[in-house]
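Chemist: First the structure, then my questions, so here it is.
The values are calculated or read from the model by the stated rules, or taken from the named source; none is laboratory data. This structure is a prediction, so every number in the text was calculated from the model and none was measured. All Cβ positions, glycine included, derive from the backbone under ideal geometry; neighbour counts span all protein chains shown. Just so you know, the surface numbers come from the protein's heavy atoms only, side chains and all, with ligands and any DNA or RNA stripped out. Shrake-Rupley method; radii C 1.70, N 1.55, O 1.52, S 1.80 Å.
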Amino acid sequence: MFIDELLSSGAIPSLETTFRFAGERQKLINHNIANLETPNFRPLDVSTDGFQRALGKAIQKRRESSGGMFGALELEDTREIRSDAAGALTLTPRTGSGNILFHDRNNSDEIRLMQANAENATVYRVASELLRGRYQQLKDAIAERV
């Protein structure tokens, strides 16, 4: 179908995947912040580097199969990230090991959590703005506006 080809062209699939990842990760970060002072709580997160590697491989695979500009973006499943046929992402977070264990057996570091929150919110915002711009270009082209 023509619309499917338009929606799977250029940067749209990678922006959608990044948008979905950032949205799902934000849920994890918010959960970690909400439980910041809960005794025995261990914050959970997923590797952004792992996501970026998986996305890079999917983009490279698309380039090899279709010349790069067209086609579905098939993200390979990793230990932490799974995608279904519709493109929905399921995250399997792990406990990080970089924090200090406090006397209440909580290892949350609020500065790192706030940094992760700000960085992830920025990724989400940028991906959504870029995606909105791409969709607006498509709407303008369909409406034959310049």
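Chemist: Within the range 48-82, how many residues are open to solvent by 40 Å² or more (accessible area, probe 1.4 Å) and either under 29 Å from Ala34 (Cα atoms) or assigned to a strand (DSSP E or B) (or both)?
Modeler: Counting residues in the range 48-82 that are open to solvent by 40 Å² or more (accessible area, probe 1.4 Å) and either under 29 Å from Ala34 (Cα atoms) or assigned to a strand (DSSP E or B) (or both) gives 8.
Chemist: Look through Ala141, Ala118 and report the one residue that is loosely packed, with under 12 Cβ neighbours inside 10 Å, at pLDDT below 85 and not in a loop (DSSP other than H, G, I, E, B).
Modeler: Just a single option satisfies the conditions, and that option is Ala141.
Chemist: Inspect all residues belonging to the range 18-25 and state whether any of them is within 28 Å of Ile142 (Cβ to Cβ), surrounded by fewer than 16 Cβ atoms within 10 Å (Cβ to Cβ), at pLDDT 80 or above and hydroxyl-bearing (Ser, Thr, Tyr).
Modeler: The answer is no; no qualifying residue exists.
Chemist: Restricting to the range 48-85, and then to whatever is over 12 Å from the mean Cα position of the chain (by Cα) and β-branched (Val, Ile, Thr), can you tell me which residue is farthest from Glu16 (Cα to Cα)?
Modeler: Thr78
Chemist: Could you list all residues from the range 16-66 that are without any contact (Cβ under 8 Å) to a residue 40 or more places away in the chain and hydrophobic (A, V, I, L, M, F, W, C)?
Modeler: Hits for the range 16-66 are Ala34, Phe51, Ala54.
Chemist: Taking the range 41-61 on its own, how many of its residues are in contact with a Pro (Cβ under 9 Å, 6 or more places away or on another chain) and of a type in the set (A, V, I, L, M)?
Modeler: Adding up the residues that qualify gives 4.
Chemist: A further question on this structure: List the number of the failed condition for Gln60; all other conditions in (1) within 24 Å of Thr122 (Cα to Cα); (2) modelled with pLDDT of 85 or more hold.
Modeler: The failed condition is (1).
Chemist: Out of the residues in the range 31-43 that are in contact with a helix residue (DSSP H, G or I) (Cβ under 9 Å, 6 or more places away or on another chain) and modelled with pLDDT of 90 or more, which is surrounded by the most Cβ atoms within 10 Å (Cβ to Cβ)?
Modeler: Here the residue is Asn32.
Chemist: Continuing with the same structure: Looking at the range 98-106, is at least one residue in contact with a Leu (Cβ under 9 Å, 6 or more places away or on another chain), surrounded by 15 or more Cβ atoms within 10 Å (Cβ to Cβ), among the polar types (S, T, N, Q) and at pLDDT 85 or above?
Modeler: No: zero hits.
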